[in-house]
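Notes follow once the structure below has been shown.
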Amino acid sequence: MKIGVGWFSFTCCEDSTIVLIELMNDYFFKWNEFLEFKYFRTLKGKNDFTNLDIAFVEGAIANSKEKDFLLKIRENSKKLVAIGSCACTGSPANQRNFFDKATKEEIGHILIRFEHYDKVSPISDFVHVDDFIPGCPMDEKLFLKKLSVYLNEFGILNA
Ligand code: SF4
């Protein structure tokens, strides 16, 4: 049995994705025994976000397109985990929330053109989040520890 996993990136610099890929140098073959990355666009061309056991979500939410996809991910995942500070708290991807009035006016046309929300928000503003792995980028030791706990929850022991 393999656990179906999705890795999703919203508004952010995607450094936790890089951390995960670096971890694969050490863990790819081990993980391959019990994890199926069903959605991971950095690795694969064909992706499927339906019927996931665990969805890992990095980045903050900046527009309705991202929010709508996040809602679909939630509907299709047994467990949803926020990855990195941007997903957990909105920061630092939400820097523009704190721009002064003049700077906000200066970027106003960009927000309109790309249909962005006035504010960038953490994912928990829109969906229930089962767990949080903070850090900028994510704390890799904590990720490995928590991944092992999640896999135990899904019946994979000694992962
Ligand atoms: S938490 Fe840090 S490393 Fe992760 S996406 Fe945000 S800015 Fe980048």
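Please give me the summed charge of the neighbours of residue 118: other residues whose Cβ is under 11 Å from its Cβ, Lys and Arg +1, Asp and Glu -1.
Computed value for this residue: +3.
Of the residues 51, 3, 92, the one whose Cα sits farthest toward the positive end of the charge dipole of the chain, with +1 on the Cβ of Lys and Arg and -1 on the Cβ of Asp and Glu, is 51.
Determine the shape class of the chain: with a ≥ b ≥ c the square roots of the Cα gyration tensor eigenvalues, call it rounded for a/c under 1.5, and otherwise prolate if a/b is greater than b/c, oblate otherwise. Prolate, since a/c reaches 1.5 and a/b exceeds b/c. Protection proxy ranking for 59-70, 145-156, using the average of other Cβ atoms within 10 Å per residue and placing the highest first: 59-70, 145-156. Each other residue within a Cβ distance under 15 Å of residue 144 adds +1 if Lys or Arg and -1 if Asp or Glu, for a net charge of -1. Partnerless cysteines in the chain, where a partner means another cysteine C-beta under 4.7 angstrom, comprise 13, 88, 136.
Averaging the Cα positions of each part gives two centres, and for the stretch 79-101 and the stretch 111-141 these lie 5 Å apart.
A short reminder: the numbers here are calculations on the coordinates, not readings from a lab. Note that this is a predicted model, so its numbers are computed, not measured. FYI the Cβ positions are ideal-geometry reconstructions off the backbone, even for glycines, and counts take in every protein chain you see.
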